[in-house]
Amino acid sequence: MHQLTLAEIARGLADKKFSSEELTKVLLARITQLDPQLNSFISLTEELALEQAKAADVRRANGESGALLGAPIAHKDLFCTQGIRTSCGSKMLDNFKAPYDATVVSKLAAAGTVTLGKTNMDEFAMGSANESSWYGAVKNPWNLEHVPGGSSGGSAAAVAARLLPAATATDTGGSIRQPAAFTNLTGLKPTYGRVSRWGMIAYASSLDQGGPLARTAEDCAILLQGMAGFDPNDSTSIDEPVPDYAAGLNGSLQGLRIGVPKEYFGAGLDPRIADLIQNSIKELQKLGAVIKEISLPNMQHAIPAYYVIAPAEASSNLSRFDGVRFGHRCEDPKNLEDLYKRSRGEGFGPEVQRRIMVGAYALSAGYYDAYYLKAQKIRRLVKNDFMAAFNEVDIILGPTTPNPAWKLGAKNSDPVAAYLEDVYTITANLAGLPGLSMPAGFVDGLPVGVQLLAPYFQEGRLLNVAHQYQLHTDWHTRTPTGF
C-alpha cells in the first residue's frame with residue numbers, strides 16, 4: 001500500500017479495495033519503523049490520524065467522494081495545527097501548540113485528508129539543506145550521508161521514502177523545488193497569493209508560498225486543488241478562480257513554446273546535470289514542444305537581492321519572539337534586556353541569528369537606501385525580464401539546482417556556498433511566479449530535477465507539461481533502495 005500514489009489511493013478507496021483506516025495504520029507503522037533513519041518527522045499524530053481516517057471511511061460509506069477523502073498526508077511544521085505542536089524546527093517554538101488551524105490545514109481537513117504528523121524543516125524555513133533544525137538534520141533517503149534539500153526537507157524525505165504519498169511544504173526561495181529535485185519528487189510553488197498564508201508562520205512575507213510535494217504531477221494537481229483558493233483572512237491572498245487542475249493534465253503539448261535561458265548554462269552548472277536537462281528538452285520536443293533560447297539578463301543579481309530582502313523581512317517577522325508573549329523564555333532573567341537577549345540567543349539557532357542580523361543591518365537608517373531599496377529595484381528588473389520572456393514563450397525550462405545533493409555538513413562552514421545553490425529557484429519568488437520541479441535523471445546515484453516556470457496563475461500549464469513528460473519517462477517511478 002505504501003507504494004500507491006494519491007491518485008491510486010483515491011481509486012482504491014472508491015473501489016473499496018481498502019479503507020482509509022487500514023491504509024493509515026500501514027503508514028503509521030512504516031513511519032515508526034523507518035523514520036529513525038531519516039528524522040523526517042518532528043511530531044507524529046497517531047490518534048488524530050486514526051480519528052480522521054475513521055471519519056473519512058464513514059463519509060465514503062454515506063456516499064461522499066473526493067480525491068482527497070481519506071488520503072494520508074503530513075504538514076510541514078510551520079503550518080499551525082490546533083492543539084498540536086507547531087515548532088518551525090526551532091527551540092523557540094518547541095512548546096508552542098497553535099490555538100487554531102492554518103487555512104491550508106483546515107481546507108485539506110475539510111476535503112477529508114488524514115494528518116499523519118508534522119515534518120521536520122530548517123529552522124524558521126531558513127536553509128537549503130534541512131541541517132539547521134533544532135531537532136537535527138534530515139537525511140536523504142537516496143543516500144543517508146547526503147542532505148535532502150531545504151527548508152522542506154522533512155516533507156520531501158518522507159514522501160521520497162514512501163512513508164506517505166504527499167505532504168504540504170513552503171517555498172521562499174526554492175524550498176519546495178530544491179528538495180523535490182534532491183529526492184526525485186515533483187514539487188510545485190504556486191503563484192504568490194494562490195495559496196493562503198494565514199496560519200503559516202512567516203519567514204519572508206512577500207516571498208513565502210505554500211504548495212504540494214508528491215511523487216507525480218497528477219498528485220500535485222490533486223493536493224493543490226485542496227490547498228488553493230481565496231482567503232479573506234490573508235491580505236496577500238488573490239481572489240482568482242481555481243481551475244480543475246486534474247482535468248487539464250491531458251492537454252497536448254503540440255506547439256507549446258518553451259524558453260531556455262542562456263544564463264542557466266554558465267560555469268556554475270554541473271555538466272552532467274546540463275546533459276540531463278538537454279535530454280528532457282529532447283523528450284518534450286518529441287511531444288510537440290518548440291524550443292527557443294531566451295535571456296534573463298538580471299538573473300545574476302537575484303541572489304544578492306534575495307539575501308537582502310528575505311533577511312530584512314525575517315528580522316521584522318521574528319521580532320515578536322521576545323520571551324514575553326510566546327515562545328522560549330530564558331530562566332531567571334535579571335531584567336527586561338536580559339530576558340530579550342537570552343531568550344532570543346537561546347531560542348534561535350546560528351542560521352536564524354545570522355539572517356536576523358543581516359536583515360536588521362539592511363533595514364537600519366544608514367543603509368536602507370543602499371541595500372533594501374536597491375534590492376527591491378533589482379526585484380522589479382527580475383520581474384520585467386520574465387514578463388518580456390513570456391511575451392515570446394509559454395513556459396521557461398532549466399535546471400532546478402546547479403549540483404546534486406551534497407554531503408551532510410559539507411557546506412556548514414560556508415553559508416554562502418549553500419546560498420548559491422538557490423541560483424535557479426529564487427527568481428520565481430522574487431517575481432511571484434509559479435514554478436515546478438520534476439525528476440529528470442540521476443548523477444552518481446542522486447536525483448536531479450528540471451524546473452519549469454510559467455506566467456502568473458498558470459499552475460495548470462506546469463502540471464500539464466510535467467504530467468505529459470511523466471507519461472513518457474520513468475524517472476519519477478524510481479524508489480530509493482531500502483524504502
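Numbers at a glance
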| item | result |
| --- | --- |
| Segment 83-129: chymotrypsin sites (Phe, Trp or Tyr not before Pro) falling in loop per DSSP and having at most 14 other Cβ within 10 Å | Y100 |
| Probe 1.4 Å, all protein chains present, accessible-area order of V290, V382, largest first | V290, V382 |
| DSSP-defined beta bridges in segment 186-343 - what % are antiparallel, rounded to 5 | 40 |
| Cβ crowding within 10 Å averaged over residues, with 44-52, 443-451 ranked highest first | 443-451, 44-52 |
| Per DSSP, loop trypsin sites (Lys or Arg not before Pro) in segment 263-332 with at most 10 further Cβ within 10 Å | R325 |
| Virtual paramagnetic centre 7 Å along Cα→Cβ of K262, amide N under 12 Å, in segment 277-307 | 293-297 |
| Packing-based order for 394-400, 107-113, using average beta carbon neighbours within 10 Å, highest first | 394-400, 107-113 |
| Ordering of 299-308, 339-348, 411-420, 196-205 by packing [mean C-beta count within 10 Å, highest first] | 196-205, 299-308, 339-348, 411-420 |
| Neighbourhood net charge (10 Å Cβ-Cβ; Lys/Arg +1, Asp/Glu -1) for V290 | +1 |
| Nearby lysines by direct alpha-carbon distance to K286 (threshold 20 angstrom, same-chain neighbours under 8 apart not counted) | none |
| Beta bridge orientation in the chain: antiparallel %, DSSP, nearest 5 | 70 |
| All aspartates and glutamates inside 13 Å of K407 as judged from Cα atoms, apart from same-chain residues fewer than 8 positions distant | E131, E145, D444 |
| Span from the segment 333-388 Cα centroid across to the segment 412-479 one, whole angstrom | 27 |
| Label-point separation in nm, I238 to V324, each point 7 Å along Cα→Cβ | 3.8 |
| Residue-by-residue Karplus 3J(HN,Hα) for segment 134-144, coefficients 6.51, -1.76, 1.60, Hz, glycine and proline x | 5, 8, x, 5, 8, 9, 7, x, 6, 7, 5 |
| Which labelled figure in (i) 59, 56, 53; (ii) 64, 53, 44; (iii) 72, 60, 51 is Cα extents along the principal axes in Å, once derived from the coordinates | (ii) |
| Most to least accessible of S316, S175 (protein chains only, probe 1.4 Å) | S316, S175 |
| Too-long pairs where the Cα-Cα distance tops 32 Å, listed order kept, from K91/K411; K262/K411; K76/K262; K341/K411 | K76/K262 |
| Reachable lysines from K17, criterion Cα separation under 17 angstrom, eight or more residues apart if same chain | K25, K54 |
| Segment 91-137 shape via C-alpha gyration tensor axes, a/c threshold 1.5 | prolate |
| For A98, residues with placed amide H under 5 Å, excluding near neighbours | T81, G83, I84, T86 |
| Pairwise centroid distance, computed over Cα atoms, of segment 42-112 with segment 257-299, Å | 39 |
| Pairwise label distance in nanometres, A274 with F483, each label 7 Å out on the Cα-Cβ vector | 3.0 |
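The values are calculated or read from the model by the stated rules, or taken from the named source; none is laboratory data. What you see is a predicted model; the values in this text were computed from it and never measured. In this analysis, Cβ positions are derived from the backbone assuming ideal geometry, glycine residues included, and neighbour counts consider all displayed protein chains. Note: accessible area is taken over every heavy atom of the protein model, side chains too, but ligands, DNA and RNA are not part of it. Shrake-Rupley method; radii C 1.70, N 1.55, O 1.52, S 1.80 Å.
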